[in-house]
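The values are calculated or read from the model by the stated rules, or taken from the named source; none is laboratory data. Remember, predicted model here, so these are calculated numbers, not experimental data. Glycine gets a Cβ as well: all are built from the backbone with ideal geometry, and neighbour counts include every protein chain shown.
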Amino acid sequence: AKTQHHEFVVQATPVKRLCKTHNTITVNGQFPGPTLEANNGDTLVVKVTNKARYNVTIHWHGIRQFRTGWADGPEFVTQCPIRPGGSYTYRFTIEGQEGTLWWHAHSSWLRATVYGALIIRPREGDSYPFTKPKRETPILLGEWWDSNPIDVLRQSIRTGAAPNVSDAYTINGQPGDLYNCSSKDTVIVPIDSGETNLLRVINSALNQPLFFKIANHKLTVVGADASYTKPFTTSVLMLSPGQTTDVLITGDQPPSHYYIAARAYVSTQNAPFDNTTTTAILEYKSAPCPSKKGVSIKPVMPTLPAFNDTATVTAFSKSFKSLNKVVVPTEIDENLFFTIGLGLNNCPKNFRSRRCQGPNGTRFTSSMNNVSFVFPNNLSILQAYKQGIPGVFTTDFPANPPLKFDYTGNVSRSLFQPVRGTKCYKLRYGSRVQIVLQDTSIVTPENHPIHLHGYDFYIIAEGFGNFNPNTDTKKFNLVDPPMRNTVAVPTNGWAVIRFIADNPGAWIMHCHLDVHISWGLAMVFLVDNGVGEMQTIEPPPADLPIC
Ligand code: C2O
């Protein structure tokens, strides 16, 4: 294993998309940002210097950060932000994870443009559990706004309304040739007849679950969230923000051009969304003379599922099984039940824009177990926890909901108005944790991608309607459930996850739709140290930003 050193400079860079040039926050002037390539076992040392005018932090999405919680990155959870002009060096080791992860800003909505791939190959000398592909291509799905994404968020907070949807979806930062002024920059993914290409697909979009398909080609899924899966073949993927999926494609079609396309999966009712399609082109090297001047050969377009095709999402999600033998905890010490959903708060009397512009003069909010998470602004939770500084958070997160009700429609009005707070939940080191995640369907049923920092977890069951502890436990897969870091909880349904709390620190769990985290759909686990040195969080680095 080796130690790699990288420098990330966060800075404003002119970027032209959809016919207009904007000053965009990037890393090293690149959009998307640099791809990090590592082997399992490597240590990464990344010095981040902030030359932008916003506070920033970087999160290494899916990296377990075993005993190195100070390098996790979420603003005011494990560190204070890196102020303009400041810098911080993230240092962590990749232990046991292989496949595709990514990194992104974890501050306001900066991750709209501050993100990149993090590729983890097997340990040197080890091989993939599938035939070595001829090529590998990272595919980052994203969203592009014509205006500054930070302003889009601010506008929504100022008015209480839902934020504007994006103006385009993107593949590797490019909208593709179905959008204005985009065709000459359309991303080309090469393939040769008979060869196999490993596509590392990442949904780095801010707020949008996406379907993904390649015309006429089968996709063989071999991994997700840097864990290997039993291979299965599908024509379409669905990724929620935060999720990654590794797929093999083989050049088994007539040499030509085929569209790679992604479009919205919309699990909510009556939600505004961008009904456009982003494209890249799969190009056979022996294809008849391609995109040369004057020659226009239209690539073949795949038929994507309808925007609200939940049945396809369910079938896809059920196909995931762990490749390797897994050890799921069979006994549990913490049996938790978390509701997740939106809410509508009354408009405060002195509201800045005088009248809230959410439904019926309310403003949108969201919550877990009826608590809308408020980030501290004077210290990080991890610092306060380790140094015993009071007044930053409380530990009274209600780990079982205050009220039970029918989550599929008969909604208590009181749950439209969650309470606000910086509420954490303490876990003893080594405890075996089960969490039932239940969509409340308040305001609207919706598929929420719930992401846990500091751990991978097993998804042992998913279903629709209300979770029933008497009958649904019979559906638990304790044999070969997939291991992930982000679970797309079915709309109008539930998912059950299990993990062992063997990583001391302060770990946020949140919805990876950024609009929902901005509205409070988050909570934080505090995991204490165990007994030995290897069960103890390392001391904070000397350059940890202070508030
Ligand atoms: Cu990828 Cu807390 O996020």
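Tabulated data
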| item | result |
| --- | --- |
| Pick from the stretch 402-442, criterion part of a loop (DSSP other than H, G, I, E, B) and modelled with pLDDT of 90 or more, ranking: surrounded by the fewest Cβ atoms within 10 Å (Cβ to Cβ) | Arg428 |
| Single condition Ser317 does not satisfy, out of (1) assigned to a strand (DSSP E or B); (2) small (Gly, Ala, Ser); (3) modelled with pLDDT of 95 or more | (1) |
| Selection status of Arg53, away from the ligand (no atom under 14 Å from the Cβ), part of a loop (DSSP other than H, G, I, E, B), modelled with pLDDT of 95 or more and over 17 Å from the mean Cα position of the chain (by Cα) | yes |
| Output for the stretch 68-86, where each listed residue is away from the ligand (no atom under 15 Å from the Cβ) and either farther than 27 Å from Thr422 by Cβ or buried (at least 20 other Cβ atoms within 10 Å of the Cβ) (or both) | Thr68, Trp70, Cys80, Ile82, Gly85 |
| Where a residue in the stretch 489-505 is in the same structural domain as Tyr407 (by TED's automatic domain parsing) and over 17 Å from Phe337 (Cβ atoms) and its partner, wherever it lies, is hydrophobic (A, V, I, L, M, F, W, C) and part of a loop (DSSP other than H, G, I, E, B), with Cβ under 8 Å and at least six apart | Asn503/Phe66; Pro504/Ile537; Gly505/Ile537 |
| Residues within the stretch 374-392 that are buried (at least 18 other Cβ atoms within 10 Å of the Cβ) and part of a helix (DSSP H, G or I), tallied | 6 |
| Per-region count, the stretch 273-289, residues in a loop (DSSP other than H, G, I, E, B) and either at pLDDT 90 or above or under 21 Å from the mean Cα position of the chain (by Cα) (or both) | 6 |
| Test: residue in the stretch 214-234 that is among the hydrophobic types (A, V, I, L, M, F, W, C), away from the ligand (no atom under 16 Å from the Cβ) and within 26 Å of Ala105 (Cα to Cα) | no |
| Evaluation of Leu382 against (1) farther than 22 Å from His516 by Cα; (2) away from the ligand (no atom under 16 Å from the Cβ) (one fails), failing number | (2) |
| Number of positions in the stretch 25-45 that are assigned to a strand (DSSP E or B) and within 16 Å of the ligand (Cβ to nearest atom) | 2 |
| Counted residues, the stretch 1-24 - those being hydrophobic (A, V, I, L, M, F, W, C) and part of a loop (DSSP other than H, G, I, E, B) | 3 |
| Search result, residues across the stretch 129-146 that are touching a residue at least 24 places away in the same chain (Cβ under 8 Å) and more than 19 Å from the chain's Cα centre (by Cα) | Pro129, Phe130, Thr131, Pro133, Lys134, Arg135, Glu136, Thr137, Asp146 |
| Unique residue being in the same structural domain as Ala522 (by TED's automatic domain parsing), within 30 Å of Val479 (Cβ to Cβ), among the aromatic types (Phe, Trp, Tyr) and under 22 Å from the mean Cα position of the chain (by Cα) when the list is Phe364, Phe373, Phe338 | Phe338 |
| Condition met for Gly465 (surrounded by fewer than 20 Cβ atoms within 10 Å (Cβ to Cβ) and on the phi > 0 side of the Ramachandran plot) | yes |
| Residues located in the stretch 350-372, provided they are closer than 28 Å to Pro398 by Cβ and surrounded by fewer than 13 Cβ atoms within 10 Å (Cβ to Cβ) | Asn360 |
| Residue count, the stretch 56-67 (criterion: over 16 Å from Leu526 (Cα atoms) and away from the ligand (no atom under 16 Å from the Cβ)) | 0 |
| Strands (runs of 3 or more DSSP E) fully within the stretch 445-547 counting 2 or more residues that are basic (Lys, Arg) and more than 16 Å from the ligand (Cβ to nearest atom) | none |
| Hits in the stretch 100-118 (condition: within 18 Å of Ala224 (Cα to Cα) and either more than 16 Å from the ligand (Cβ to nearest atom) or small (Gly, Ala, Ser) (or both)) | Gly116, Ala117 |
| Complete set of residues in the stretch 109-144 that are β-branched (Val, Ile, Thr) and over 18 Å from Arg200 (Cβ atoms) | Thr113, Val114 |
| Unique match (being closer than 26 Å to Ile500 by Cβ and among the basic types (Lys, Arg)) among Arg123, Arg111, Arg135, Arg83 | Arg123 |
